[in-house]
Amino acid sequence: MRRAAVQALGSGWAGDPETLNLLRDRATNDEHLDVRVAAIYEMGAGWAGDPGVLPWLRDRATNDTDPDVRWTAVRAVGTGWADTPEVLTWLRDRATNDEHHEVRRAAVQAIGTDRADAPEVLAWLRDRATNDEHHDVRQAAVEAVGARWANDRAALDLLRDRAKSDQHPDVRRAAVEALGSAWADKREVLDLLRDRATNDEDEDVRQAASALLAYLA
């Protein structure tokens with residue numbers, strides 16, 4: 001009931017200062033994570049771009065004890081304040097230092113989607129695609145690189161490496177699919193797809209490479 005009330009207030013009275021104050025209170029003090037998540041979501045949706053709301057959401061994304069709440073706050077900041085200069089630095093911190101992989105993945109996705117034109121972003125994503133300890137974060141970084149840096153040589157080299165060397169099949173499959181989508185005209189990519197279709201130890205990776213080869217034939 002508390003979550004439903006929070007959602008109704010956020011939908012029907014967005015922009016009202018009293019609504020914002022109540023959402024802040026529920027996002028901080030409600031004992032149930034679903035209510036805190038709903039309050040943060042409504043703040044991000046109803047007050048996107050508001051400079052007064054940004055510091056508060058960043059606090060929740062850093063200090064709430066539950067990863068679902070932090071994840072929601074990271075997504076809200078990455079979506080609603082993408083043009084704020086300091087947000088990129090903050091997202092990179094969350095993508096590196098949050099203890100939970102889902103929060104780190106959300107920050108990586110926000111950076112790859114909204115900040116792909118920043119010159120240092122590709123190098124940073126390459127690091128996360130290689131060095132994060134959790135495969136979900138590495139996969140998100142691989143997908144961002146494949147989507148936003150088509151025909152970039154550094155991106156191609158990274159994806160070839162991840163398609164063969166990453167220890168998790170989900171990351172290898174994501175790299176294979178990115179290569180087949182953006183670099184299919186390169187002989188070295190076709191050779192890699194043939195190799196992965198035959199030699200990868202995981203069936204899903206082999207199937208992904210085989211499907212791409214059949215499509216490209």
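Overview of results
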read-out: Any chance ALA155 is open to solvent by less than 50 Å² (accessible area, probe 1.4 Å) and either of a type in the set (Ser, Thr, Tyr) or closer than 17 Å to ARG128 by Cα (or both); value: yes
read-out: Sole exception among (1) free of Cβ contacts under 8 Å to residues at least 24 places away in the same chain; (2) buried (at least 21 other Cβ atoms within 10 Å of the Cβ) for ASN199, by number; value: (2)
read-out: Odd one out for ARG173 among (1) in contact (Cβ under 8 Å) with a residue 24 or more places away in the chain; (2) open to solvent by less than 40 Å² (accessible area, probe 1.4 Å); (3) more than 26 Å from GLU120 (Cβ to Cβ); value: (2)
read-out: Count of residues meeting criterion [part of a helix (DSSP H, G or I), open to solvent by less than 60 Å² (accessible area, probe 1.4 Å) and among the small types (Gly, Ala, Ser)] in segment 118-148; value: 5
read-out: Search result, residues across segment 176-190 that are open to solvent by less than 70 Å² (accessible area, probe 1.4 Å) and more than 25 Å from ASP132 (Cβ to Cβ); value: ALA184, LYS186, GLU188, LEU190
read-out: Tally of residues being in contact (Cβ under 8 Å) with a residue 12 or more places away in the chain and in a helix (DSSP H, G or I) across segment 11-24; value: 6
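The rows are residues; the columns are (1) in a helix (DSSP H, G or I); (2) in contact with a Leu (Cβ under 6 Å, 6 or more places away or on another chain); (3) open to solvent by less than 10 Å² (accessible area, probe 1.4 Å).
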| site | (1), (2), (3) |
| --- | --- |
| ALA5 | yes, no, no |
| LEU9 | yes, no, no |
| ILE40 | yes, no, yes |
| ALA45 | yes, no, no |
| ALA48 | no, no, no |
| THR79 | yes, no, no |
| TRP90 | yes, no, no |
| ASP93 | yes, no, no |
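The values are calculated or read from the model by the stated rules, or taken from the named source; none is laboratory data. Small disclaimer: the values here were computed from a predicted structure and weren't measured. Methodologically, a virtual Cβ is constructed for each residue, glycine included, from the backbone with ideal geometry; neighbour enumeration extends over all protein chains shown. For the accessible areas, the whole protein counts, side chains as well, though only heavy atoms, and no ligand, DNA or RNA atoms are used. Shrake-Rupley method; radii C 1.70, N 1.55, O 1.52, S 1.80 Å.
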